[in-house]
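Undergrad: The structure under discussion is supplied below as structure tokens; questions concerning it will follow.
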Amino acid sequence: MASAALLPRLLLLTLVMSLVAVAAGGDNSTAAGQIRINCGASVSATDSDGRAWDGDAASKFAPSVAGVAAGASYEDPSLPSTVPYMTARVFNSSYTYFFPTRPDGRVFLRIFFYPAAYGDRGAGDAFFGVTAGGVTLLRDFNASQTALALDQAYLVREFSLNVSGSLDVTFSPSSSSTGSSNGYYAFVNGIEIVPMPGDMVTKPVPTFANGGRPDPMPIRANTAFQTMYRLNVGGTAVSPGDDSGLLYRSWDADSPYIFGAAFGVSYGKDSNVSIQYSPSVPPYIAPESVYASARSMGPSAQINLNYNLTWILPVDAGFYYILRFHFCEIQYPITKVNQRVFYIYINNQTAQEQMDVIAWGGGIGRPVHTDYLVVTAPGAGQTDLWVALHPEVDTRPEYYDAVLNGLEVFKLQTYNTDSLAGPNPSIPQAVDGGHAVAVQSKRKSDAFVAGWAAAAGGLVAVLVGCLFTWAIFCSRKGKAGSDVVHVPEPVHKTPAPVLHGPTAYVFSVTAQK
């Protein structure tokens, strides 16, 4: 009798433990093995997201820490938290932090910089390199120049590395010294290491998207990546504390990178739509807030057929890049195959024909992501990645429109030199009484002029987009959703005016239902 009474309890306990394990595994939590160092600090502190950071003074990761602990001379109001930005470790010579990594595998390495005066050291004199795991991450890096060029007060450089046993991170002042009697120096404000799913950026194997070379293009398991962009398209910025999978990624709004005035319509999911992850798209791929917002071209089919919804993303020339597109249909009436079908273009190349989110994802509220490998032309300096969407007409979809929820861009290391290092961006010229123009505005303006010269029809597209946007604001004032209208009859296949970006080769891979 006692055994019979105990059996249901044991079964219930087993069920509960199984559910807990499934829940933990479904999000692939990586809290174990995370390391955060508040460089230059002597005690632990907590940031605005509630994460604890250890000081590096007498730390087990820096048992004989060199350099000088220093505090920033000024706290910029845009800093998300005083930790880890208001203290720094300053080095006059090379120094290495040693971090144990358990378990072995791929990790996010994030390095935090707040360019400010530290003691008698000016921000402009900090030129240095950073290496980790045998890969050169930064070379002759100047955080002050980079921050000024990007119109930012602080910088976070995120890398993905495959490590075994331990990870050594070395900071080395540049060898040349001009303009300062103290010479060049290196500094760092914070270091964060977060284990990540091993196949998150390397599987499945990509292939060419345009049919030019259908052979698979495998990415080596030990390849190092740098995150260049992580955008919540159509939504607001997502802080590290609101990311999924305890990966603590930052997602930025996409609006600063949209080309011209034709920026489409941003909207959120319907209240009766839930985001349904799958084994091929687990929750750690992107947080729900990314899939729960989107940007489409808008409700007018005729207008949509005459422009491309375009983003311009400056990157370092001469590298391979993976572009990851996140899609999810989140508003009715888009519930069936061939209702909304579109092209994906990257640098004036067709990366994907007949992109149908419902067909790929399996239904409304079901995310899908697809990856493309792009080869930029060799050269120094920076180049632009042009990403564009345009309606597909050959399949006669119910709506002529395109949509995107999220976009990530990862730079791949060079295999011959084991490097991810790019140049410091140029500081824009000062105008209006000495105030610097934001680099994104300058680049978008330059791209606009170049687009006019490349295709006169692009001007028409932008002007139409402006009228379309004004009409939407007038007709949709006070509404949060995005209405989609039927295509008027007859509809003729009309190619959009193409504003040509730089040429690149494109490969693709898709993860779906």
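The values are calculated or read from the model by the stated rules, or taken from the named source; none is laboratory data. What you see is a predicted model; the values in this text were computed from it and never measured. Don't worry about glycine lacking a Cβ; one is built from the backbone with ideal geometry, like all the others, and counts go over all protein chains shown. Just the protein is used for accessible areas: all its heavy atoms, side chains included, with ligands, DNA and RNA removed. Shrake-Rupley method; radii C 1.70, N 1.55, O 1.52, S 1.80 Å.
Undergrad: Mind checking which residues of the stretch 230-284 are of a type outside the set (Ser, Thr, Tyr), within 25 Å of Met196 (Cβ to Cβ) and part of a strand (DSSP E or B)? Show your work before the answer.
TA: Initially, the stretch 230-284 is screened for residues of a type outside the set (Ser, Thr, Tyr), giving 230-235, 237-238, 240-243, 245-247, 249, 251-254, 256, 258-265, 268-270, 272-273, 275-276, 279, 281-283.
Subset that is within 25 Å of Met196 (Cβ to Cβ): 230-233, 235, 237-238, 240-243, 245-247, 249, 251-254, 275-276, 279, 281-283.
Result: Arg230, Leu231, Asn232, Val238, Trp251, Asp252, Ala253, Val281.
Undergrad: Which of the following residues is under 17 Å from Val201 (Cα atoms), outside any strand (DSSP E or B) and either of a type in the set (Val, Ile, Thr) or open to solvent by 60 Å² or more (accessible area, probe 1.4 Å) (or both): Thr227, Thr223?
TA: On the way: Thr227 fails: outside any strand (DSSP E or B).
Going through Thr227, Thr223 in turn, the sole match is Thr223.
Undergrad: Looking at Leu323, Leu309, which one is within 19 Å of the chain's Cα centre (by Cα) and at pLDDT 95 or above?
TA: Details: Leu323 fails: at pLDDT 95 or above.
That would be Leu309, the only listed residue that is within 19 Å of the chain's Cα centre (by Cα) and at pLDDT 95 or above.
Undergrad: Looking only at residues that are modelled with pLDDT under 95 and in a strand (DSSP E or B) in the stretch 415-441, which one is most open to solvent (accessible area, probe 1.4 Å)?
TA: His435
Undergrad: Just name the residue that is nearest to Tyr229 (Cα to Cα) out of those in the stretch 319-350 that are touching a Ser or Thr at 6+ places or on another chain (Cβ under 8 Å) and of a type in the set (S, T, N, Q).
TA: Ranking the qualifying residues of the stretch 319-350, first place goes to Asn347.
Undergrad: List the strands (runs of 3 or more DSSP E) inside the stretch 72-159, counting only whole elements, that have at least 1 residues being open to solvent by 50 Å² or more (accessible area, probe 1.4 Å) and closer than 25 Å to Val194 by Cα.
TA: Values: elements: 87-91, 95-100, 105-113, 128-132, 135-141.
The qualifying strands (runs of 3 or more DSSP E) are 95-100, 128-132, 135-141.
Undergrad: Right, next: Find all pairs meeting these conditions: Cβ atoms under 7 angstrom apart; at least six residues apart or on different chains; first residue within the stretch 45-72 and over 23 Å from Asp168 (Cα atoms); second residue in a strand (DSSP E or B) and of a type outside the set (A, V, I, L, M, F, W, C).
TA: Hits for this filter: Ala45/Asn38; Gly71/Thr87; Ala72/Tyr118.
Undergrad: Can I ask one more? Check whether at least one residue in the stretch 316-333 is open to solvent by 10 Å² or more (accessible area, probe 1.4 Å) and among the basic types (Lys, Arg), and report yes or no.
TA: no
Undergrad: Please state which of the following conditions Pro279 fails to meet, knowing it meets all the rest: (1) out of contact with any Ser or Thr (no Cβ under 7 Å at 6 or more places or on another chain); (2) in contact (Cβ under 8 Å) with a residue 24 or more places away in the chain.
TA: Here Pro279 clears every test but (2).
Undergrad: Hey, another quick one. For the stretch 387-414, how many residues are touching a helix residue (DSSP H, G or I) at 6+ places or on another chain (Cβ under 8 Å), in a strand (DSSP E or B) and over 15 Å from Gln354 (Cα atoms)?
TA: 1
Undergrad: Let me ask something else about it. Suppose we keep only residues that are of a type outside the set (A, V, I, L, M, F, W, C) and over 23 Å from the mean Cα position of the chain (by Cα) within the stretch 357-377. Which one would you say is least open to solvent (accessible area, probe 1.4 Å)? Let's see the steps before the verdict.
TA: Quick first cut of the stretch 357-377, residues of a type outside the set (A, V, I, L, M, F, W, C) only: 361-363, 365-367, 369-372, 376.
If we keep only those that are over 23 Å from the mean Cα position of the chain (by Cα) too, we end up with 362-363.
Details: Gly362: 31, Gly363: 11 Å².
Among residues in the stretch 357-377 that are of a type outside the set (A, V, I, L, M, F, W, C) and over 23 Å from the mean Cα position of the chain (by Cα), the one least open to solvent (accessible area, probe 1.4 Å) is Gly363.
Undergrad: Kindly indicate which of Val315, Val290 is among the aliphatic types (A, V, I, L, M), closer than 25 Å to His390 by Cβ and assigned to a strand (DSSP E or B). Reasoning before the result, please.
TA: Numbers: Val290 fails: assigned to a strand (DSSP E or B).
One residue alone meets the criteria, Val315.
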